[in-house]
Number of protein chains: 2
Amino acid sequence: MIYFITGNRHKYVEAKKIIDDIEMKHIPYPEIQADSLEEVAKFGIDYLKNKIEAKFFLEDSGLFIDALKGFPGVYSAYVFKTIGNDGILKLMEGKKERKAYFKAVIAYYDGSVHIFQGICYGEIAMEKRGEGFGYDPIFVPEGSKKTFGEMSKEEKNKYSHRGKALMAFKKFLNSQ
Amino acid sequence: MIYFITGNRHKYVEAKKIIDDIEMKHIPYPEIQADSLEEVAKFGIDYLKNKIEAKFFLEDSGLFIDALKGFPGVYSAYVFKTIGNDGILKLMEGKKERKAYFKAVIAYYDGSVHIFQGICYGEIAMEKRGEGFGYDPIFVPEGSKKTFGEMSKEEKNKYSHRGKALMAFKKFLNSQ
């Protein structure tokens, strides 16, 4: 059994579908200000590793926009809470280069640290379309014309950066 | 003697002018993602307190814009590096409410934690004016028509949030 350290039940449910042998455990841990999700996740592991007996993992994700030098990146949650999708669209006004990607990083601790990632490439839409969580209404994944906000859960899951990171993690577990 | 934990020589020189009995010491410490500068500073103290023998302090500051729900706030340095002043001005396009403030927080550790703050109220200019560091060209302090970027160092120091926090800290030290 492996603990998934998160306070977000939706993330847990998504992960449980892919890796059965997990349990949700909510222990708050500091997320540092850093340039990469990997650094944030590794610091989280360091903070938690002497506090938890069992194997555990945590996950962090963000939206990285090329034309904004990777903004909002590691701070995606905070930026969404403050300037939101309207702010992002305003910053992208007049920009032809609209490439962006969602990235998820999983850090797993079993005595040493293992990092897995999943990336979903795509671009920033010209306007909000559909509903959904966070940046979903403004992100169009490669291979689709719909935003995440316009997709069903099943359709969106095909592209999911978090799903890809979880699959990489699962593959590692199965190989052990 | 008190250590000022910073990698920024300019900040050290500014502080040394106000509080003579300090020395610069560069020890990197994690800055967490949090809603307030105080939380970031307190976490820094916690991280450092068993690593440093002498008394020490650290400082963190940010620009908080009312119309953007406090953005860029605690993440001011990162936001400057990515979307910069042009990004902030774009987000403020069409906004009549342009109030903002710079805030500096000093956390001092002498066996327990003491927090001091300095605030400089003002507003976001309609366009960049002058030179200077960071957000200086777009911030007009209350009581002036110039941006920080258009002021001499001496003139700017009169308004300085960091200077105010340092003065509060000095007052505390003198009272001991």
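Numbers for the structure displayed
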| item | result |
| --- | --- |
| Single unsatisfied condition, B:G70 versus (1) modelled with pLDDT of 95 or more; (2) within 14 Å of another protein chain (Cβ to nearest Cβ); (3) out of contact with any helix residue (DSSP H, G or I) (no Cβ under 9 Å at 6 or more places or on another chain) | (3) |
| Which numbered condition A:I52 misses (of (1) part of a strand (DSSP E or B); (2) of a type outside the set (S, T, N, Q); (3) more than 13 Å from chain B (Cβ to nearest Cβ)) | (1) |
| Selection status of A:F102, within 27 Å of A:E123 (Cα to Cα), more than 12 Å from chain B (Cβ to nearest Cβ) and aromatic (F, W, Y) | yes |
| Residues of region A:1-25 classified as within 22 Å of A:L173 (Cα to Cα) and part of a loop (DSSP other than H, G, I, E, B), total | 5 |
| Enumeration of residues in region A:140-176 that are within 13 Å of A:I119 (Cα to Cα) and not basic (K, R) | A:P141, A:E142, A:N157, A:Y159, A:S160, A:H161, A:G163, A:A165, A:L166, A:M167, A:A168 |
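The values are calculated or read from the model by the stated rules, or taken from the named source; none is laboratory data. The model shown is predicted, which means the values in this text are computed figures rather than measured ones. Because the Cβ atoms are built from the backbone with ideal geometry, glycine has one as well, and the counts that use them run over all protein chains shown.
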